[in-house]
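The values are calculated or read from the model by the stated rules, or taken from the named source; none is laboratory data. Worth saying up front: this structure is predicted, and the values here are computed from it rather than measured. No Cβ is skipped: glycine too gets one built from the backbone with ideal geometry, and neighbour counts run over all protein chains shown. Ligands, DNA and RNA are stripped out before the accessible areas are found, and what is left, the full protein with its side chains, is counted by its heavy atoms. Shrake-Rupley method; radii C 1.70, N 1.55, O 1.52, S 1.80 Å.
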Amino acid sequence: MDWALSVMEQWGYPGVALLVLLENLFPPIPSEVILPFAGFLTTRSSVTILGMVAAATLGSVLGAFALYLVGAWFGRERILWIASRYGRYLSVKPEHVFQAEGWFERYGPTAVFLCRMVPIMRSIISVPAGLIRMGLARFALYTALGTLIWNTTLVTVGALLGASWPLVSRWVGYYQDVVIVLILTGAVLILVRLLLQRLRR
């Protein structure tokens, strides 16, 4: 993090865009530290809140597209092959893949938009969007809107807090803990359901 903060201090807008791009690909670089510090920098240098938000949003969109391409490269055909060949061990059938695909076709834009404001899911959501080849214009639009809200909030709060900007990281950390608990709870419930289905057979 010392390296990340020094990059922002030395490079300004390009540094923020680069770090947010990397944050999408490498979660150990957390946006809840980068963005509030970017806001703090607006109180002690010539950079502006608007410029920092724009740079962070550009980095977010570029990082999201990189993960979208990973999903598109892997492709639905490989998912269907895995479901057909190994699905009986995972309680997953090809029709489940089609159902999931249909769900994402219907609710994908909303999911992309909302997940941009949820730690962990901010990066992951780009992969299924690529798997089903969501339209690039829609993907870019909802990614930009969601990340714009997230970036504006954290940069602005960082600027308002000034030297106390690390408090933002602590608050977002509580939010992230809740998200992790909800995700793990959901995963456990799904696993229990799958095990019960297998036992009934």
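When Ile132 is tested against (1) modelled with pLDDT of 85 or more; (2) surrounded by fewer than 22 Cβ atoms within 10 Å (Cβ to Cβ); (3) β-branched (Val, Ile, Thr), only condition (1) is not met. So the check is Cβ under 6 Å with 6+ separation or different chains; which pairs have a first residue in segment 167-190 that's over 11 Å from Glu32 (Cβ atoms) and open to solvent by less than 80 Å² (accessible area, probe 1.4 Å) and a second one that's not basic (Lys, Arg) and not in a helix (DSSP H, G or I)? Between residues of segment 167-190 that are over 11 Å from Glu32 (Cβ atoms) and open to solvent by less than 80 Å² (accessible area, probe 1.4 Å) and residues that are not basic (Lys, Arg) and not in a helix (DSSP H, G or I), the close pairs are Val179/Val118; Val179/Pro119.
Assessment of segment 84-104 against the conditions (modelled with pLDDT of 85 or more, in contact with a Lys or Arg (Cβ under 9 Å, 6 or more places away or on another chain) and in a helix (DSSP H, G or I)) yields no matching residue. Taking the numbered list (1) modelled with pLDDT of 85 or more; (2) over 14 Å from the mean Cα position of the chain (by Cα) in turn, Gly63 passes all entries but (2). Residues in segment 22-35 that are more than 16 Å from Gly51 (Cα to Cα) and either at pLDDT 75 or above or open to solvent by less than 20 Å² (accessible area, probe 1.4 Å) (or both): Leu22, Glu23, Asn24, Leu25, Phe26, Ser31, Glu32, Val33.
Note on segment 105-129: among residues that are among the hydroxyl-bearing types (Ser, Thr, Tyr) and at pLDDT 85 or above, the one that is most open to solvent (accessible area, probe 1.4 Å) is Thr110.
Could you check, for segment 138-154, whether at least one of its residues is touching a Gly at 6+ places or on another chain (Cβ under 6 Å) and open to solvent by less than 20 Å² (accessible area, probe 1.4 Å)?
no
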